[in-house]
Every structure is written in C-alpha cells, then in structure tokens.
Amino acid sequence: MDMWYTEKHSENVGITLKTSKTLFSGESEYQKLDIIETLEYGKMMVLDGLVMCTERDEFVYHDMITHPALFTHPNPKNVLVIGGGDGGTIREIVKHPGVEQAVLCEIDGLVIDKSIELLPTMACAIDGSNPKVQVEVGDGIAYIKEHQDQFDVILIDSTDPIGPAVGLFQEDFYRCVHAALRKDGIMVAQSESPFYHAQIQKDMYANLRNVFPIVEMYQAFIPTYPSGLWSFAFASKQYCTWAPLLCRPSRRRTSPSKSKPVR
Ligand code: AG3
C-alpha cells in the first residue's frame, strides 16, 4: 500500500509527498518532530506537521537566507542564527572565509540531535567538527538580550509564527536584534509566503520598519513550502546593495506626467 504525507496549506489545499518510511517520530517539550523518507525529495524534516526542509530543495532556502546578507556586509565576522537547528544555514555561513564565529541558537535540542544523526548533509557544520561554530541550545530571545552590539549579521531561521516561533515575529524581538547587531549590522528573517500569509507579512514588515531604517523583501522558489513562493526580510542599519539599482532614475525622456524630468 502506498504511503503519503500531506501538509495542509489552507482548508482546501496542501502538498502531498509519497513516502517510504518514517525515520524518526517523537515529541520534545516544544514540538512534534518527524523525519520522513520521501521518494521525490529525499529525507524531509517536519515540525508540528509543517515541512521544514527536504534534502532536495533545502539548498534554495539556505542559500537565500544566508548569502545576500553575507555578501552585502563588507566584512561579516560574527554571525548568529536563531532557530535553524537542522544546520543548513550554518553550513552556508561557514563557506564565507572571513567569518570568524558562527553561533547557532536553537531552542530545541532534539532538532539538533536528530539532524546530526539523520540529516548529515545539512548538519555537517554543527556536529562539533567546525571550530568556528558554536551551538547554544536555548531561547533565542534570551540569548540576544545578553549579547548586545556583538554581531555583524543575524539570521532568523524560524518556523511559521505558531508555537515556539511566535515571539520571533514581534517588534520587541526586532528591537533586541537591532541592539545585538553592530552599528552597520544586517538581519535577514524568513518571512513566509506572499500568496498564503499576506497578513502575517503585513504585520511583520510593519514591525521591522518601526525598528530598522532599511527593510526590503526578496523572494525565492522553494517547491515544498506553501505555494512554492517564499520570502525573506532584509533589515539593515546601513547597507543595501540593491538600493542604487532600485533608485536609478527613469530613462523616459518625454514624461506625460507633470513631474519634473529626471536627469
Ligand atoms: N524554516 C522555515 C519553514 C517554514 C515552512 N512553513 C511551512 N511549511 N508551512 C525552515 C528551516 C530550515 N532551516
């Protein structure tokens, strides 16, 4: 008999993957964790019924949450990840040779342990083998409050804003992130699907704009997430590599509007 796993994305839509076996199923004090072998996407991690990552498409998410900020900052040395217990984001951070310290602060030790055991292609830098990596099992909000003015880049690799991740979408938390960043620091947070989570995004970006002078959204295609269209919030104190491109004056010579011609 065929086995299938479904995550519902709304009352009427979901994603369904054919599976061959469940490698782990258990509950921590925070959430339910399943690691399931799928036929199309390889091993898949599921938290409280929501697909977190699969071996086949995790590279898109982890590339996109990490590299825009790390290539925009001219000299990122100290980088913090909140959440991200599978290790995929840390794996990408340590590819940047200038990074001296990459800290992972994940609330759920079970996610870290099971990723090291069952998802080694993602957890390869959080298994104790990389001297630049420091793993903290604990509450990211508490950690960030104790580390003011210490990081060049902070990446928020959270689940959806339900359960343990709710606080990671609130203005108070973004104020703490702002304080934990150095004066030219950058934060990137996963920011859900524009197609299914518009209200969450409106609230989240309003919260960010109350705290950071530069806030932009960028998007990527991640097939196993709701709608496939996913987004990331880039919040920064100084740097924004694409601002000059966005602000480039129009080349139109004969403007039909009353506005002054642009030189
Ligand atoms: N974190 C974002 C997952 C959000 C997916 N939402 C969903 N399936 N409803 C992924 C963690 C990867 N390091």
P(r) tail fraction, segment 134-213 - alpha-carbon pairs more than 18 Å apart, %: 39 percent
Calculated diffusion of segment 58-240, Stokes-Einstein form, Kirkwood radius summed over Cα pairs, 10 °C and 1.306 mPa s, µm²/s: 99 µm²/s
Highest-first arrangement of 194-201, 221-228, 6-13, where packing means the average Cβ count within 10 Å: 221-228, 194-201, 6-13
Among Leu118, Tyr196, Asn130 the positive-end extreme of the charge dipole of the chain (Cβ point charges): Tyr196
Above-threshold pairs, the threshold being 30 Å between Cα atoms, out of Lys95/Lys145; Lys18/Lys202; Lys145/Lys202; Lys132/Lys183; Lys8/Lys43; Lys32/Lys202: Lys18/Lys202
Length-normalised contact order of segment 145-214 in % [C-alpha pairs under 8 Å, at least 6 apart]: 39 percent
Peptides 50-61, 96-107, 78-89 ordered by average Cβ neighbours within 10 Å, highest first: 78-89, 50-61, 96-107
Mean separation of Cα contacts under 8 Å, 6 or more apart, over the residue count of the chain: relative contact order %: 15 percent
Cα-centred dipole magnitude for segment 3-54, charges only on beta-carbon of K, R (+1) and D, E (-1), debye, nearest 20: 200 debye
Cβ-based net charge around Asp48, under 14 Å, with every Lys or Arg adding one and every Asp or Glu removing one: -4
Ordering of 26-33, 174-181 by packing [mean C-beta count within 10 Å, highest first]: 174-181, 26-33
Dipole of the chain, positive end: most advanced residue of Thr241, Phe212, Cys105 [Cβ charges, Cα centre]: Thr241
Span-like helix ranges in the chain, DSSP H, alpha carbon extent 18 angstrom or more, Kyte mean at least -1.0: 58-72
Debye, to nearest 20: dipole size of segment 58-240, +1 on Lys, Arg Cβ, -1 on Asp, Glu Cβ: 560 debye
Surface share of carbon and sulfur [accessible, 1.4 angstrom probe, percent] for the chain: 53 percent
Long-range HN-HN contacts of Val81 with modeled amide H, under 5 Å: Val103, Leu104, Cys105, Leu155
Relative compactness, segment 3-54, computed as alpha-carbon Rg over 2.2 N^0.38 Å: 1.10
Helix-derived mean residue ellipticity, 222 nm - over the chain, DSSP H n ≥ 4, -39500 (n - 2.57), to 500: -7000 deg cm²/dmol
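The values are calculated or read from the model by the stated rules, or taken from the named source; none is laboratory data. Keep in mind that this is a model prediction, so the values were computed, not measured. Glycine gets a Cβ as well: all are built from the backbone with ideal geometry, and neighbour counts include every protein chain shown. The protein model used for the area step is the full one, side chains on, heavy atoms only, and it has no ligands, DNA or RNA in it. Shrake-Rupley method; radii C 1.70, N 1.55, O 1.52, S 1.80 Å.
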